[in-house]
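S.K.: Sending over a structure as structure tokens; questions will come in a sec.
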Amino acid sequence: QIVVDILAMVIRVLALARLPRLQRLKAQDVTFRQSPAGLGRDALIAVVSGVMVMLITLSALLSRFRQSVVTPFYQANAKTMVGSKSIVGAIIADFRGLDTLIEIGVFSLAGLGIYTLLRYAARKFGDSGSQLDELPVPSAPPFPTLGIGGQKPSSFIRVLAYVALPVAMVIGVTDIMYGHDQPGDGFTAGVIISLAVGFWYVVFGYDETRRRLSWLKASPLIAAGILLAIFTGIMAAFINGNFFSNVDFGHMLGLPLPKGFHLSTSFLFELAICLSVLGSVTHMLNTLGHPGEKDTENTRRLQEIEELEKQESF
């Protein structure tokens with residue numbers, strides 16, 4: 001949940017940069033150009049609201065008198081039916097695999113929707129993304145940063161970025177391989193790798209990140225993830241007769257695999273989840289973090305779309 005919240009915050013910050021400059025200035029005036037009493041009032045409202053939400057959530061969690069009907073079933077059959085010690089992993093990838101497929105489909109559509117609306121639909125109606133050009137130039141920090149901070153990322157920060165991405169990918173691969181039987185899953189893996197990619201956008205900028213990570217193609221990743229998930233379910237249906245049922249190919253073929261790793265349909269499904277999540281977040285980062293310069297590629301694509309619309313109208 002922590003990594004998901006961090007990723008959501010990154011996307012929100014990028015989305016705020018798309019607001020028109022006048023709206024941003026108006027929001028700044030309302031927020032900062034007020035008396036200390038007003039700032040104290042806002043802080044008090046924020047704290048009280050947070051405490052109220054916490055108490056409501058805690059009350060909802062502690063006031064569940066009715067015992068769950070399905071929990072005993074999952075506890076009794078997670079290991080015997082799907083070979084998983086993790087009840088959560090068994091539910092996500094096996095017992096409710098179809099629900100998970102729909103969820104990653106919705107998440108993928110969210111990334112594609114942001115890409116389509118801001119890259120093509122918005123430009124068609126005159127929004128060229130110039131809001132990013134209107135962002136003020138960062139001023140010097142009010143305190144010494146010892147060479148670590150500044151408008152141009154220091155070598156220290158760049159080294160961290162170089163280290164963060166491979167480490168995140170190793171953690172992601174570990175989550176995919178062992179997440180079905182231990183804490184972790186494909187969604188967490190995709191989010192962790194996406195956060196590292198977002199860190200690259202912050203440190204190296206849009207153009208350099210796209211050049212260095214040329215393999216990071218959003219739409220192919222989404223397509224590969226969704227198709228792999230559907231193929232996994234169909235393959236399990238042919239073998240066991242049930243869509244998204246568990247099939248351990250490593251055990252069937254007698255493959256010498258690392259301890260705790262099972263080459264099964266659950267592993268393939270976790271991999272599919274990671275690919276689709278990574279592709280969707282990549283679309284969001286590419287679109288929201290796209291510089292406000294003239295986008296010749298999208299202009300050409302818009303012209304092609306308009307020509308196709310004219311041909312269809314005839």
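S.K.: Kindly list, by first and then second residue, each pair from a residue in the range 1-29 that is at negative phi to a residue that is outside any helix (DSSP H, G or I) and among the charged types (D, E, K, R), limited to pairs with Cβ atoms under 8 Å and residues at least 6 apart or on different chains.
M.R.: none
S.K.: Tell me, yes or no, whether the range 198-207 has at least one residue that is touching a residue at least 24 places away in the same chain (Cβ under 8 Å), closer than 22 Å to S155 by Cα and of a type in the set (D, E).
M.R.: Yes, the range 198-207 contains a residue that is touching a residue at least 24 places away in the same chain (Cβ under 8 Å), closer than 22 Å to S155 by Cα and of a type in the set (D, E).
S.K.: Among (1) closer than 30 Å to F243 by Cβ; (2) of a type outside the set (A, V, I, L, M); (3) modelled with pLDDT of 80 or more, where does Q182 come up short?
M.R.: Condition (3) is where Q182 drops out.
S.K.: So, restricting to helices (runs of 4 or more DSSP H) that lie completely within the range 182-249, which ones have at least 3 residues that are of a type in the set (D, E, K, R)?
M.R.: It comes to 206-212.
S.K.: Which condition breaks for L278 when tested against (1) buried (at least 23 other Cβ atoms within 10 Å of the Cβ); (2) more than 26 Å from the chain's Cα centre (by Cα)?
M.R.: (2)
S.K.: Out of the residues in the range 84-116 that are assigned to a loop (DSSP other than H, G, I, E, B) and closer than 17 Å to L271 by Cβ, state the one that is farthest from the chain's Cα centre (by Cα).
M.R.: S84
S.K.: Let me ask something additional. Going by the structure shown, is T80 modelled with pLDDT of 85 or more and assigned to a helix (DSSP H, G or I)?
M.R.: Against the criterion (modelled with pLDDT of 85 or more and assigned to a helix (DSSP H, G or I)), T80 does not qualify.
S.K.: Which of the residues spanning the range 163-184 are closer than 19 Å to F261 by Cα and either surrounded by 22 or more Cβ atoms within 10 Å (Cβ to Cβ) or in contact (Cβ under 8 Å) with a residue 24 or more places away in the chain (or both)?
M.R.: M169, G172, D175, I176, M177, Y178, G179, H180, D181, Q182, P183, G184
S.K.: Return only the number of the condition from (1) surrounded by 21 or more Cβ atoms within 10 Å (Cβ to Cβ); (2) modelled with pLDDT of 90 or more; (3) in contact with a Ser or Thr (Cβ under 7 Å, 6 or more places away or on another chain) that I226 does not satisfy.
M.R.: Going through the list (1) surrounded by 21 or more Cβ atoms within 10 Å (Cβ to Cβ); (2) modelled with pLDDT of 90 or more; (3) in contact with a Ser or Thr (Cβ under 7 Å, 6 or more places away or on another chain), I226 breaks only (1).
S.K.: On the basis of being farther than 18 Å from V202 by Cβ, among the small types (G, A, S) and modelled with pLDDT of 90 or more, does A122 make the cut?
M.R.: It is false that A122 is farther than 18 Å from V202 by Cβ, among the small types (G, A, S) and modelled with pLDDT of 90 or more.
S.K.: Could you list, in sequence order, all residues of the range 208-225 that are touching a residue at least 60 places away in the same chain (Cβ under 8 Å) and either within 23 Å of S84 (Cα to Cα) or of a type in the set (F, W, Y) (or both)?
M.R.: G225
The values are calculated or read from the model by the stated rules, or taken from the named source; none is laboratory data. Remember, predicted model here, so these are calculated numbers, not experimental data. FYI the Cβ positions are ideal-geometry reconstructions off the backbone, even for glycines, and counts take in every protein chain you see.
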